[in-house]
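Undergrad: Structure below; questions to follow.
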Amino acid sequence: MMNRRQLVYATGAALFAHIPGAFAATYDLIIRGGRVIDPSAGLDATRDVAISGGRIVAVEASIAGDATETIDARGKIVAPGLIDIHTHAGRSKEGPPMCLQDGVTAWVDAGSGGADNVDAVAAIARGAPQMGRCLVNIARTGVVTPSGELHDLSAANVALARGAIERNRDVVVGVKARLSENVAGANDLEALRRAQEAAAFFNLPVMIHVGQNYSPLRALLALLKRGDIVTHIYAPGKNGILDDKGMLFPDVMAARRRGVIFDFGNGVSDHFDWDTVEKATRQGLWPDTFSTDWSTVSKTTGVVDLPNVMSKFLLFGMPLSQIIACVTVNAARCFPAFDDRGTLNLGAPADVAIMELREGTFEFVDNYKGTRPGRQRLFPSETVLAGKRVAHA
Ligand SMILES: [Zn+2]
């Protein structure tokens, strides 16, 4: 395929001189001078990024030529567009444009809807400005609070879940099961078996929400296959990842070794506390992915936005490039729908998150009002979606 520069040389710029500006520029957009962190390429260096036709066309130390639009990213971080694999962005049409402002260029709604109501979530996903996908809740009602959607096991209807997936194959990427005792009671293992049964028919992953479980975590992990995802991994309380002495159950690392993915899942209540994060990370359990459990009210909770959630692991010494990997290349690998996302490789769709790593005094909060001070925090600055700069809200 010819790029724009070749086209101009081949046909002669004069031919287009009567179209003001249309063919004047070499590229559509150049993001200049940022610290480009693209873990998919092992890159962390000052680079220019050029975009044409909605694709990344050059990543170089200094790109000659002009562009229709330029973003000055000096002093900022330029990363692949962020992928948030556990949100509730599909609950209303206001959600997707809001999280796009945070740099989220692809999201997964994790089980807001089940067989009875996931069609509405799927419609939001299809209409979103960025890539939106969803997980069908194995409970036909979707998330029910506060009583919990799996207390009545008849809600976990495999045939209905399969029908819902079939109707929405273009946007459904997996099945969700919330298995905390307050959601499922003693039905957790059977609900998970049914989630697997619904997912297996389409060869899809299952995401389980854990924390304060009725059954021991190892019993839940035993029902997971390669590519399945555990969210809220640092949930404290009974039947979590740590034993009474604060030691990580060996089953957790064994599950990771056989390809189960461990997701942060910030959320609002009972999903993580600092003490569990500290003990688990000291024993080597870092998240594979960061997610927010985002909803339209997250700005006013401890979530704030995905870059804020990512910043919480700077406190524990996680390298920035590894943090960014979690929400780009690692997150993309969770779902085949995101195969060409989470990267700034040449030819990839030009989804870019520009962030600022500010120095100062910042306070971060867990789900139990526990606060920790930090000296650095990532802030969303600009989002580029399919090669176009997203207007600030
Ligand atoms: Zn959730």
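Undergrad: When residues of the stretch 135-171 are filtered for being under 30 Å from residue 392 (Cα atoms) and either in contact (Cβ under 8 Å) with a residue 60 or more places away in the chain or open to solvent by 40 Å² or more (accessible area, probe 1.4 Å) (or both), how many remain? Before you say what the answer is, go through the steps one by one.
TA: Filtering the stretch 135-171 for residues under 30 Å from residue 392 (Cα atoms) gives 135, 170-171.
When the remaining residues are screened for being either in contact (Cβ under 8 Å) with a residue 60 or more places away in the chain or open to solvent by 40 Å² or more (accessible area, probe 1.4 Å) (or both), the result is 135, 170.
Qualifying residue count, the stretch 135-171: 2.
Undergrad: Right, next: Looking at the stretch 256-268 only, could you name the residues that are under 16 Å from residue 227 (Cα atoms) and either among the hydrophobic types (A, V, I, L, M, F, W, C) or open to solvent by 50 Å² or more (accessible area, probe 1.4 Å) (or both)? Working first, answer last.
TA: Pass one, the stretch 256-268, residues under 16 Å from residue 227 (Cα atoms): 256-264.
Of everything in the stretch 256-268, those that are under 16 Å from residue 227 (Cα atoms) and either among the hydrophobic types (A, V, I, L, M, F, W, C) or open to solvent by 50 Å² or more (accessible area, probe 1.4 Å) (or both) turn out to be 256, 257, 258, 260, 261, 262, 264.
Undergrad: Do any helices (runs of 4 or more DSSP H) lying entirely in the stretch 176-255 carry at least 2 residues that are within 16 Å of the ligand (Cβ to nearest atom) and crowded, with 21+ Cβ neighbours inside 10 Å, and which ones are they?
TA: Working: elements: 181-184, 188-200, 217-221.
In the stretch 176-255, 181-184, 188-200 are the helices (runs of 4 or more DSSP H) which contain 2 or more residues that are within 16 Å of the ligand (Cβ to nearest atom) and crowded, with 21+ Cβ neighbours inside 10 Å.
Undergrad: Would you please name the residue that is farthest from residue 392 (Cα to Cα), looking only at residues in the stretch 84-134 that are of a type in the set (Asp, Glu) and open to solvent by 30 Å² or more (accessible area, probe 1.4 Å)? Talk me through it step by step, then tell me what you get.
TA: Here is the first cut: in the stretch 84-134, the ones of a type in the set (Asp, Glu) are 84, 94, 102, 109, 116, 119.
Narrowing further to those that are open to solvent by 30 Å² or more (accessible area, probe 1.4 Å): 94, 116, 119.
Working: 94: 15, 116: 35, 119: 30 Å.
Out of the qualifying residues, it is 116.
Undergrad: Looking at (1) over 25 Å from residue 305 (Cβ atoms); (2) within 16 Å of the ligand (Cβ to nearest atom), which is the one condition that is false for residue 91?
TA: Among (1) over 25 Å from residue 305 (Cβ atoms); (2) within 16 Å of the ligand (Cβ to nearest atom), the lone unmet condition for residue 91 is (1).
Undergrad: May I pose another question? Tally the residues that are at pLDDT below 95 and open to solvent by less than 10 Å² (accessible area, probe 1.4 Å), restricting the search to the stretch 59-83.
TA: Number satisfying all stated conditions: 0.
Undergrad: Could I ask something else about it? If I ask for residues that are among the small types (Gly, Ala, Ser) and closer than 14 Å to residue 150 by Cβ, which ones from the stretch 212-223 would you list?
TA: Of the stretch 212-223, the ones among the small types (Gly, Ala, Ser) are 215, 219, 222.
Passing the criteria: only 215.
Undergrad: Is it the case, given these coordinates, that residue 354 is under 29 Å from residue 52 (Cα atoms), touching a Phe, Trp or Tyr at 6+ places or on another chain (Cβ under 6 Å) and aliphatic (A, V, I, L, M)? Full working, then the answer.
TA: On the way: under 29 Å from residue 52 (Cα atoms): yes; touching a Phe, Trp or Tyr at 6+ places or on another chain (Cβ under 6 Å): no; aliphatic (A, V, I, L, M): yes.
Judged against the criteria, residue 354 is not a match.
Undergrad: So, in the stretch 68-125, of the ones that are without any contact (Cβ under 8 Å) to a residue 60 or more places away in the chain and part of a strand (DSSP E or B), which residue ends up farthest from residue 324 (Cα to Cα)?
TA: We begin by selecting, within the stretch 68-125, every residue without any contact (Cβ under 8 Å) to a residue 60 or more places away in the chain; these are 68, 70, 72, 74, 90, 93, 96, 109, 112-125.
Filter again for part of a strand (DSSP E or B), leaving 68, 70, 72, 109, 112-114.
Details: 68: 29, 70: 24, 72: 21, 109: 20, 112: 26, 113: 29, 114: 31 Å.
Looking at residues that are without any contact (Cβ under 8 Å) to a residue 60 or more places away in the chain and part of a strand (DSSP E or B), I get 114.
Undergrad: All but one of (1) open to solvent by 40 Å² or more (accessible area, probe 1.4 Å); (2) over 17 Å from the mean Cα position of the chain (by Cα) hold for residue 286; state the number of the condition that does not hold.
TA: (2)
Undergrad: Another question, if that's okay. Need the failing condition index for residue 271 against (1) part of a loop (DSSP other than H, G, I, E, B); (2) within 16 Å of the ligand (Cβ to nearest atom); (3) open to solvent by less than 10 Å² (accessible area, probe 1.4 Å), just the number.
TA: (3)
Undergrad: Can residue 44 be described as over 17 Å from residue 329 (Cα atoms) and touching a residue at least 24 places away in the same chain (Cβ under 8 Å)? Please lay out each step first, then the result.
TA: Details: over 17 Å from residue 329 (Cα atoms): no; touching a residue at least 24 places away in the same chain (Cβ under 8 Å): yes.
Criteria not met by residue 44.
Undergrad: Only residues that are in a loop (DSSP other than H, G, I, E, B) and among the small types (Gly, Ala, Ser): list them for the stretch 25-65, please.
TA: If we filter the stretch 25-65 for residues that are in a loop (DSSP other than H, G, I, E, B), which is where we start, we get 25-26, 42, 53-54, 61-65.
Residues satisfying the conditions are 25, 42, 53, 54, 61, 62, 64, 65.
Undergrad: I would also like to ask the following. If you check every pair at least six apart or on different chains, which have Cβ atoms under 6 Å apart with a residue in the stretch 231-260 that is at pLDDT 95 or above first and a residue that is of a type in the set (Phe, Trp, Tyr) and in a strand (DSSP E or B) second?
TA: 233/262
The values are calculated or read from the model by the stated rules, or taken from the named source; none is laboratory data. Because the structure is predicted, anything quoted here is derived from the model rather than measured. Glycine also receives a Cβ, built like all others from the backbone with ideal geometry; neighbour counts cover every protein chain displayed. Side chains included, ligands, DNA and RNA excluded: accessible areas come from the protein's heavy atoms. Shrake-Rupley method; radii C 1.70, N 1.55, O 1.52, S 1.80 Å.
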